[in-house]
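Since the structure comes first, as structure tokens, the remarks are kept for the end.
The values are calculated or read from the model by the stated rules, or taken from the named source; none is laboratory data. Everything numeric here is computed off the predicted structure, so don't read it as measured data. Don't worry about glycine lacking a Cβ; one is built from the backbone with ideal geometry, like all the others, and counts go over all protein chains shown. To get the accessible areas, we keep the full protein, side chains included, count just its heavy atoms, and leave off ligands, DNA and RNA. Shrake-Rupley method; radii C 1.70, N 1.55, O 1.52, S 1.80 Å.
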Amino acid sequence: MIYNFDKVINRKGTNSIKWDARELVRKFGITDRFDDDTIALFIADMDFSCPQPVLDALHKRVDQKMFGYTTHLSDPEYFKAIQNWFKRRQNWEFPAESIVYSPGTVHALKIAVKAFTKPGDGVIIQRPVYYPFTRVIEEQGRKVVNNSLINTNGYYTIDFVDLEQKAKLSSSKMMILCSPHNPVGRIWKPEELDQIARICLTNDLVLVSDEIHGDLIRTNETFYPIANINQDDKIIVCTATNKTFNMAGLHCSNIILRNVVMREKFSKMMGIQMPSPFSISALIAAYNEGEEWLEQLKIYIDGNFDFLAKFLEKKMPDVKFKIPEGTYIGWMDFSGYNLSPEEVHDRIYNKANVVLEDGKIFGEEGLDFQRICIPSPRSILEEALNRISLEF
Ligand SMILES: Cc1ncc(COP(=O)(O)O)c(C=O)c1O
């Protein structure tokens, strides 16, 4: 089947966090202006229809006419679908019993922090990074230990000397890795992953790898799951259908944890969590039959990045931008304009009426940056960029 990602689907009035965000963006301090004319490209959420097999599976589930208490635990199809997907797509194998359901990836990170660290312990993250990492650490009374990434002309690398020093601190107990990295878009190379794993394991740090963007990479790139690079069974990997198939509202993450003792502790802290009947059906359909859609989606997203890069080069050459290796997130450096971050914000959010995310929320390393999520029909992206460019 050929999917049409150019099709604009009106999501206003559908309880969409992205398009019905009036209250939310205010509450979280993202911006004050949000009205009927706002173009929202702030949240990592796609404006495309889900794969047809997912829609069919959900219709079939509705036709069952009952949505009672539900469990995935006695359904081998659920586990097989996950295992087969990662084996096929990432050449990564793990046993069915290592899979723990979580209603969200961020929720799983919170549980991991609670299960494997104590109040006051340090948790290493690499800023600028997806800001809920900071939130889950601080809300549990743990301390953020920041191993800042090194930005060399828009290409980010890891400061391994600093990472090793911070991992050696007796207070450091965990590292949360973002792989691929949101927002800088790096897919970590096997050598980098090997070094990260080695540093964490030799210093007795629990390593949690958030790989929720692992399927969403450029067509010419390869993603490497860390658990394939280092076989230590204590590494925790977060996966989800949420991002890959635009199903975040179905809340379906699966955490892979092979170590039995750690898994028991993690599962106990997670408590009894069951996916909804819709999540189960959608996950099985997506992982078993969603590949054709994903391959077409990746080509479309590559096209959107190409469009963005060319647009910036032509109309806003002072914005420094590199097409990311992974994720559908653009990380744009506005420092070339010599404007304050507040002025940049005002021009984009208030004057152009486009909502992105100010880079500062990802850490001070992001002060001069704006994060844009581009998985929307190209016409929406074009309109947003045209509006922004008129203000610069
Ligand atoms: C790195 C990363 N982890 C987790 C999430 C959120 O995942 P979930 O909706 O499963 O909690 C996001 C969403 O943008 C993300 O970028």
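Of the residues making up the stretch 144-163, those that are part of a strand (DSSP E or B), without any contact (Cβ under 8 Å) to a residue 60 or more places away in the chain and under 16 Å from Trp188 (Cβ atoms) are Ile150, Thr152, Tyr156, Thr157. Applying the selection to the stretch 359-390, what residues are at negative phi, open to solvent by less than 20 Å² (accessible area, probe 1.4 Å) and assigned to a loop (DSSP other than H, G, I, E, B)? Passing the criteria: Ile374, Pro375, Ser376, Pro377. Among the residues making up the stretch 337-388, those that are under 19 Å from Lys314 (Cα atoms) and hydroxyl-bearing (Ser, Thr, Tyr) are Tyr337, Ser379.
Exactly one residue out of Gly290, Gly330 is farther than 20 Å from Gly249 by Cβ and surrounded by 23 or more Cβ atoms within 10 Å (Cβ to Cβ): that is Gly330. Pairs linking a residue in the stretch 310-326 that is in contact (Cβ under 8 Å) with a residue 24 or more places away in the chain and of a type in the set (Phe, Trp, Tyr) to a residue that is open to solvent by less than 40 Å² (accessible area, probe 1.4 Å) and part of a helix (DSSP H, G or I), with Cβ atoms under 9 Å and 6 or more positions apart or on different chains, are Phe311/Leu381; Phe311/Leu385; Phe311/Ser389; Phe321/Leu308; Phe321/Ala309; Phe321/Leu312. Candidates Asn182, Asn203: the one that is within 25 Å of Asn153 (Cβ to Cβ) and polar (S, T, N, Q) is Asn182. One residue stands out among those in the stretch 73-111 that are away from the ligand (no atom under 16 Å from the Cβ) and assigned to a loop (DSSP other than H, G, I, E, B): the one that is farthest from the chain's Cα centre (by Cα), which is Ser74. Among all residues of the stretch 200-212, there is at least one that is at pLDDT 95 or above, open to solvent by 10 Å² or more (accessible area, probe 1.4 Å), within 16 Å of the ligand (Cβ to nearest atom) and charged (D, E, K, R). Within the stretch 114-163, the set of residues being of a type in the set (Val, Ile, Thr) and exposed (fewer than 15 other Cβ atoms within 10 Å of the Cβ) comprises Ile150, Thr152, Thr157, Val161.
The single condition among (1) within 16 Å of the ligand (Cβ to nearest atom); (2) part of a loop (DSSP other than H, G, I, E, B) that Ala286 does not meet is (2).
With the structure loaded, tell me whether Asn338 is among the polar types (S, T, N, Q) and either open to solvent by less than 10 Å² (accessible area, probe 1.4 Å) or not assigned by TED's automatic domain parsing to the domain that holds Leu41 (or both) or whether it fails that test.
Working: among the polar types (S, T, N, Q): yes; either open to solvent by less than 10 Å² (accessible area, probe 1.4 Å) or not assigned by TED's automatic domain parsing to the domain that holds Leu41 (or both): no.
The answer is no for Asn338.
Taking the criterion of being more than 16 Å from the ligand (Cβ to nearest atom) and either crowded, with 17+ Cβ neighbours inside 10 Å or hydrophobic (A, V, I, L, M, F, W, C) (or both), the residues of the stretch 164-182 that qualify are Lys166, Ala167, Leu169, Ser172, Lys173. When the stretch 1-56 is filtered for residues that are within 15 Å of the ligand (Cβ to nearest atom), open to solvent by less than 80 Å² (accessible area, probe 1.4 Å) and of a type in the set (Phe, Trp, Tyr), only Phe42 remains.
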